[in-house]
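To keep things clear, I will list the structure first and then write my remarks on it.
We did not get these values from a lab; they are worked out from the coordinates using the rules stated. Given the structure is predicted, the values throughout are model-derived calculations rather than measurements. Using ideal geometry, Cβ is built from the backbone for each residue, glycine included, and neighbour counts are taken over all protein chains shown.
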């Protein structure tokens, strides 16, 4: 969660300087978090364009309750 908080601070800084939100890249973040912290992450990134990589099974990823999800 500490690294995620640094990423979010960086996101806010870039947004304030550029005037628009950048794409947030999260590499296999959900494998390191429990269910409670996964929900926190999803709430925080709501409204952001995010690319998330995961080693999880596709069914597990679909359970994350993401509003607009595209699995490639």
Expected sort for 3-13, 18-28 on mean C-beta neighbours within 10 Å, highest first, is 3-13, 18-28
A student asked for the Cα radius of gyration and Dmax of the stretch 2-62 in angstrom ought to give 12.3, 38
